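Okay, so here's the structure we're looking at.
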Amino acid sequence: MPFFPASLENLIDKFASLPGIGRKSAQRLAFHVLSLPEGEGESFANAILEARKNVCCCKICQNLTEGEVCSVCSSTKRDKSIVCVVSEPRDVLSIERSHEYNGVYHVLHGVLSPISHVGPDDIRISELIHRVAADNSEIKEIIMATNPDTEGEATAMYISRLLKPFDVCLLYTSPSPRDP
Ligand code: ZN
C-alpha cells in the first residue's frame, strides 16, 4: 500500500519521471509544490500547460519557438548561407551566448543511437536534407556541431554522406560547453 495519499503519490511519480530526478528529489519537489501559497501552485501548473500549447518547432530550423518561424530564421541580419547543425535546442543557446556566430541553425532533436533505438527517422535529418535540396536554397556551408562523442560523431558522418551529392562545404566543430 502506498505511504502517501494517491494524488500525492501520482505527483511524486510525475516528478520522478523527469530526467535526472530520483525518487527522493521527486518527493522533495512534490512537498514543495504542495506547500506553495494559494495561486502559485496553479500558476506553476499553468506554466507547463502554456508552454506545451505555445512552444513548437520552427518550420525552417526545427528550433523551439512560438509561432511558425524562430527569431534567428526570420532575422534579416543572419547569414542564411551558413547552417550550424546541433543536436539539441540548448546547443543553440550556448552558441548564441558566444556572440561569434552569425549564420543560422538546424536542430536535430537527438543523435543517432542504435542502443537507444534512435534511427534516422526519429530525429530531424530529412528536414535538413530538404532545406539543402530546396530549389531556393541559399546554403553554401554546413557546420556539423554535434557532440564529439561516439553517437554525435556517427550522426555527423551519417549526415555528411547524405549531403555529398549537394554543392555545400562541410565543416566539423563541437558546441560550446553546455550549462549543467
Ligand atoms: Zn528557425
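Remarks
- The ellipsoid that matches the Cα gyration tensor of the chain has semi-axes, each √(5λ) in whole angstrom, of 38, 20, 14, with the longest given first.
- Positive-pole candidate from SER43, ILE12, SER71, dipole of the stretch 1-84, charges at beta carbon: SER71
- Packing-based ranking of 146-153, 102-109 yields 102-109, 146-153, ordered from highest to lowest mean Cβ neighbour count within 10 Å.
- Cα→Cβ-extended label distance, 7 Å offset, between LEU170 and GLU68, nm: 3.2 nm
- Estimated FRET transfer efficiency (ILE129, GLU96; beta-carbon r; R0 25 Å; 0.05): 0.55
- Helix-only [θ]222 nm of the chain, DSSP H runs n ≥ 4, -39500 (n - 2.57) each, per residue, nearest 500: -12500 deg cm²/dmol
- HN-Hα J in Hz across the stretch 92-98 - Karplus 6.51, -1.76, 1.60, θ = phi - 60°, x for Gly and Pro: 4, 4, 5, 6, 4, 5, 6
- For the peptides 70-80, 112-122, 154-164, the ranking by mean Cβ contacts within 10 Å, running from highest to lowest, is 154-164, 70-80, 112-122.
- Each of ASP13, ASP91 was scored by other Cβ atoms within 10 Å of its Cβ. Listed from fewest to most, they are ASP13, ASP91.
- Column: log10 I(q)/I(0), Debye, Cα scatterers of the stretch 1-67, q = 0.14, 0.21 Å⁻¹: -0.57, -0.93
- For VAL85, the residues whose amide H sits under 5 Å from its own are HIS106, ILE143, MET144, ALA145, ignoring neighbours fewer than 5 places away on the same chain, with H placed 1.01 Å from N.
- Among ILE12, ILE48, ILE60, the largest mean-square fluctuation in a Gaussian network model of the chain (Cα springs under 10 Å) belongs to ILE12.
- The lysine pair tally for the chain, using Cα distances under 25 Å and a gap of 8 or more places or different chains, is 10.
- Each residue of the stretch 72-80 was assigned a 3J(HN,Hα) from its phi angle through the Karplus expression (A = 6.51, B = -1.76, C = 1.60, θ = phi - 60°), giving 5, 5, 8, 6, 7, 8, 8, 7, 7 Hz with x at Gly and Pro.
A short reminder: the numbers here are calculations on the coordinates, not readings from a lab. Note that the coordinates shown come from a computational prediction; the quantities given were computed from them, not determined experimentally. So basically every Cβ, Gly included, is an ideal-geometry build from the backbone, and we count neighbours across all protein chains shown.
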